[in-house]
1. Of the conditions (1) more than 21 Å from Pro17 (Cβ to Cβ); (2) at pLDDT 95 or above; (3) loosely packed, with under 14 Cβ neighbours inside 10 Å, Pro50 fails just one. Which one is it?
2. Do we find a residue being within 24 Å of Ile44 (Cα to Cα) and under 17 Å from the mean Cα position of the chain (by Cα) anywhere in segment 84-96?
3. Within segment 9-45, work out how many residues are hydroxyl-bearing (Ser, Thr, Tyr) and within 30 Å of Arg79 (Cα to Cα).
4. Quickly run through segment 85-94 and pick out the residues that are within 16 Å of Thr53 (Cβ to Cβ) and without any contact (Cβ under 8 Å) to a residue 40 or more places away in the chain.
5. Could you tell me how many of the residues in segment 114-142 are over 19 Å from Tyr61 (Cα atoms), crowded, with 17+ Cβ neighbours inside 10 Å and polar (S, T, N, Q)?
6. Kindly establish whether His95 is more than 22 Å from Leu14 (Cβ to Cβ) and surrounded by 15 or more Cβ atoms within 10 Å (Cβ to Cβ).
7. Could you run through segment 125-145 and say how many residues are assigned to a strand (DSSP E or B) and farther than 16 Å from Val49 by Cα?
8. Considering every residue within segment 69-76, establish whether at least one is farther than 21 Å from His97 by Cα and of a type outside the set (A, V, I, L, M, F, W, C).
Amino acid sequence: MNADGGLSLFSRELELPPQDELDINDITGELAEVLEQSGLNDGILTVFVPGATGAVTCLEYEPGVIADFKAAIERLAPRDLHYDHNVYQSDGNGHAHVRAGLLGPSLVIPFADGTLNLGVWQQVVLVNFDNRSRSRRIVVKVTGA
(Lines give C-alpha, C1' and ligand atoms only; values in the text may rest on other atoms or scores of the structure.)
Protein backbone atom coordinates (compact mmCIF):
# COMPACT_ATOMS: atom_id res chain seq x y z
CA MET A 1 0.00 0.00 0.00
CA ASN A 2 1.11 3.53 -0.54
CA ALA A 3 1.45 6.15 2.21
CA ASP A 4 -2.29 6.85 2.39
CA GLY A 5 -3.19 3.17 2.69
CA GLY A 6 -4.36 2.74 -0.92
CA LEU A 7 -3.06 0.59 -3.73
CA SER A 8 0.00 1.56 -5.73
CA LEU A 9 0.19 1.76 -9.51
CA PHE A 10 3.33 1.16 -11.59
CA SER A 11 3.41 1.64 -15.38
CA ARG A 12 5.84 0.69 -18.14
CA GLU A 13 5.76 0.58 -21.92
CA LEU A 14 7.77 -1.99 -23.84
CA GLU A 15 8.69 -1.85 -27.51
CA LEU A 16 9.14 -5.11 -29.41
CA PRO A 17 11.08 -5.23 -32.67
CA PRO A 18 9.21 -5.76 -35.95
CA GLN A 19 7.03 -8.84 -36.00
CA ASP A 20 5.88 -10.71 -39.10
CA GLU A 21 2.35 -12.00 -39.63
CA LEU A 22 1.44 -14.67 -37.06
CA ASP A 23 4.63 -14.17 -35.09
CA ILE A 24 4.00 -15.37 -31.55
CA ASN A 25 6.39 -14.00 -28.95
CA ASP A 26 6.77 -15.15 -25.36
CA ILE A 27 6.74 -11.94 -23.30
CA THR A 28 6.51 -13.61 -19.87
CA GLY A 29 10.08 -12.72 -18.95
CA GLU A 30 9.60 -9.07 -19.85
CA LEU A 31 6.43 -8.93 -17.74
CA ALA A 32 8.20 -10.56 -14.79
CA GLU A 33 10.91 -7.88 -15.06
CA VAL A 34 8.31 -5.11 -14.99
CA LEU A 35 6.70 -6.72 -11.95
CA GLU A 36 10.10 -6.87 -10.22
CA GLN A 37 10.77 -3.21 -11.06
CA SER A 38 7.42 -2.25 -9.55
CA GLY A 39 8.45 -3.49 -6.10
CA LEU A 40 4.87 -4.66 -5.51
CA ASN A 41 4.15 -8.04 -3.90
CA ASP A 42 0.46 -8.78 -4.37
CA GLY A 43 -2.04 -7.53 -6.94
CA ILE A 44 -2.72 -7.66 -10.64
CA LEU A 45 -0.66 -6.98 -13.75
CA THR A 46 -2.48 -5.82 -16.87
CA VAL A 47 -0.83 -6.09 -20.26
CA PHE A 48 -2.33 -4.29 -23.27
CA VAL A 49 -1.25 -4.07 -26.90
CA PRO A 50 -2.46 -0.91 -28.68
CA GLY A 51 -3.64 -1.42 -32.24
CA ALA A 52 -6.34 -3.42 -33.95
CA THR A 53 -4.19 -6.24 -35.36
CA GLY A 54 -2.28 -7.43 -32.28
CA ALA A 55 -3.39 -9.55 -29.34
CA VAL A 56 -2.17 -11.09 -26.10
CA THR A 57 -3.08 -14.45 -24.61
CA CYS A 58 -1.64 -17.37 -22.67
CA LEU A 59 -0.26 -20.50 -24.32
CA GLU A 60 2.24 -23.21 -23.59
CA TYR A 61 5.08 -21.74 -25.62
CA GLU A 62 6.43 -24.84 -27.37
CA PRO A 63 6.64 -25.65 -31.10
CA GLY A 64 3.69 -28.07 -31.17
CA VAL A 65 1.25 -25.69 -29.49
CA ILE A 66 2.49 -22.77 -31.60
CA ALA A 67 1.89 -24.76 -34.82
CA ASP A 68 -1.52 -25.93 -33.57
CA PHE A 69 -2.49 -22.38 -32.59
CA LYS A 70 -1.51 -20.98 -36.00
CA ALA A 71 -3.51 -23.73 -37.75
CA ALA A 72 -6.54 -23.06 -35.52
CA ILE A 73 -6.40 -19.32 -36.25
CA GLU A 74 -6.30 -20.06 -39.98
CA ARG A 75 -9.40 -22.28 -39.61
CA LEU A 76 -11.26 -19.63 -37.56
CA ALA A 77 -10.49 -16.62 -39.76
CA PRO A 78 -8.89 -17.78 -43.01
CA ARG A 79 -6.65 -15.30 -44.75
CA ASP A 80 -8.24 -15.89 -48.16
CA LEU A 81 -11.91 -15.21 -47.28
CA HIS A 82 -13.75 -12.11 -48.41
CA TYR A 83 -13.50 -9.36 -45.78
CA ASP A 84 -15.48 -6.15 -46.22
CA HIS A 85 -12.66 -4.26 -44.53
CA ASN A 86 -10.51 -5.03 -47.56
CA VAL A 87 -13.16 -3.45 -49.80
CA TYR A 88 -13.27 -0.22 -47.78
CA GLN A 89 -9.55 -0.07 -46.98
CA SER A 90 -6.69 -0.95 -49.30
CA ASP A 91 -4.45 -2.66 -46.73
CA GLY A 92 -5.73 -6.22 -47.26
CA ASN A 93 -5.64 -7.09 -43.58
CA GLY A 94 -9.30 -7.73 -42.82
CA HIS A 95 -8.42 -11.20 -41.54
CA ALA A 96 -5.92 -9.65 -39.09
CA HIS A 97 -8.58 -7.43 -37.52
CA VAL A 98 -10.96 -10.36 -37.08
CA ARG A 99 -8.23 -12.58 -35.62
CA ALA A 100 -7.12 -9.91 -33.15
CA GLY A 101 -10.74 -9.29 -32.17
CA LEU A 102 -11.22 -12.97 -31.34
CA LEU A 103 -8.33 -12.95 -28.85
CA GLY A 104 -8.42 -9.39 -27.59
CA PRO A 105 -5.81 -6.76 -26.82
CA SER A 106 -5.38 -7.29 -23.08
CA LEU A 107 -4.83 -9.78 -20.30
CA VAL A 108 -4.96 -9.49 -16.51
CA ILE A 109 -2.66 -11.70 -14.46
CA PRO A 110 -2.75 -11.91 -10.67
CA PHE A 111 0.51 -12.01 -8.75
CA ALA A 112 1.48 -12.93 -5.19
CA ASP A 113 4.79 -12.67 -3.37
CA GLY A 114 6.15 -10.74 -6.36
CA THR A 115 5.53 -13.66 -8.76
CA LEU A 116 3.04 -13.94 -11.62
CA ASN A 117 0.41 -16.60 -10.81
CA LEU A 118 0.88 -18.50 -14.07
CA GLY A 119 0.63 -22.26 -14.41
CA VAL A 120 3.74 -24.36 -14.95
CA TRP A 121 3.22 -24.57 -18.71
CA GLN A 122 1.57 -21.19 -19.15
CA GLN A 123 3.33 -18.29 -20.83
CA VAL A 124 2.03 -14.88 -21.90
CA VAL A 125 2.37 -14.33 -25.63
CA LEU A 126 2.03 -11.39 -27.99
CA VAL A 127 0.61 -12.25 -31.41
CA ASN A 128 0.95 -10.07 -34.50
CA PHE A 129 -1.86 -10.77 -36.95
CA ASP A 130 -1.09 -7.95 -39.39
CA ASN A 131 -0.08 -8.89 -42.93
CA ARG A 132 2.96 -6.61 -42.73
CA SER A 133 5.93 -6.53 -40.43
CA ARG A 134 5.51 -4.04 -37.60
CA SER A 135 6.94 -3.25 -34.22
CA ARG A 136 4.58 -3.57 -31.26
CA ARG A 137 4.22 -1.40 -28.20
CA ILE A 138 3.01 -3.07 -25.02
CA VAL A 139 1.52 -1.13 -22.13
CA VAL A 140 1.93 -2.77 -18.71
CA LYS A 141 0.13 -1.59 -15.56
CA VAL A 142 0.85 -3.16 -12.18
CA THR A 143 -1.62 -2.48 -9.38
CA GLY A 144 -1.17 -3.78 -5.87
CA ALA A 145 0.54 -3.53 -2.55
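1. Pro50 satisfies all of (1) more than 21 Å from Pro17 (Cβ to Cβ); (2) at pLDDT 95 or above; (3) loosely packed, with under 14 Cβ neighbours inside 10 Å except (1).
2. Here is the first cut: in segment 84-96, the residues within 24 Å of Ile44 (Cα to Cα) are none.
No: segment 84-96 contains no residue that is within 24 Å of Ile44 (Cα to Cα) and under 17 Å from the mean Cα position of the chain (by Cα).
3. Taking segment 9-45 and keeping what is hydroxyl-bearing (Ser, Thr, Tyr), we get 11, 28, 38.
Applying the additional criterion that residues be within 30 Å of Arg79 (Cα to Cα) yields 28.
Looking only at that region, the number is 1.
4. Of all residues in segment 85-94, those within 16 Å of Thr53 (Cβ to Cβ) come to 85-86, 88-94.
Correct list: His85, Asn86, Tyr88, Gln89, Ser90, Gly92, Gly94.
5. Qualifying residue count for the region: 1.
6. Numbers: more than 22 Å from Leu14 (Cβ to Cβ): yes; surrounded by 15 or more Cβ atoms within 10 Å (Cβ to Cβ): yes.
Here the answer is yes, as His95 does meet what is asked.
7. Quick first cut of segment 125-145, residues assigned to a strand (DSSP E or B) only: 125-128, 134-144.
Within this subset, residues satisfying the condition of being farther than 16 Å from Val49 by Cα are 143-144.
Number of matching residues: 2.
8. Going through segment 69-76, the residues farther than 21 Å from His97 by Cα turn out to be none.
Scanning segment 69-76 turns up no residue that is farther than 21 Å from His97 by Cα and of a type outside the set (A, V, I, L, M, F, W, C).
The values are calculated or read from the model by the stated rules, or taken from the named source; none is laboratory data. Source: prediction; values computed, not measured. We place every Cβ from the backbone using ideal geometry, glycine too, and count neighbours over all the protein chains shown.
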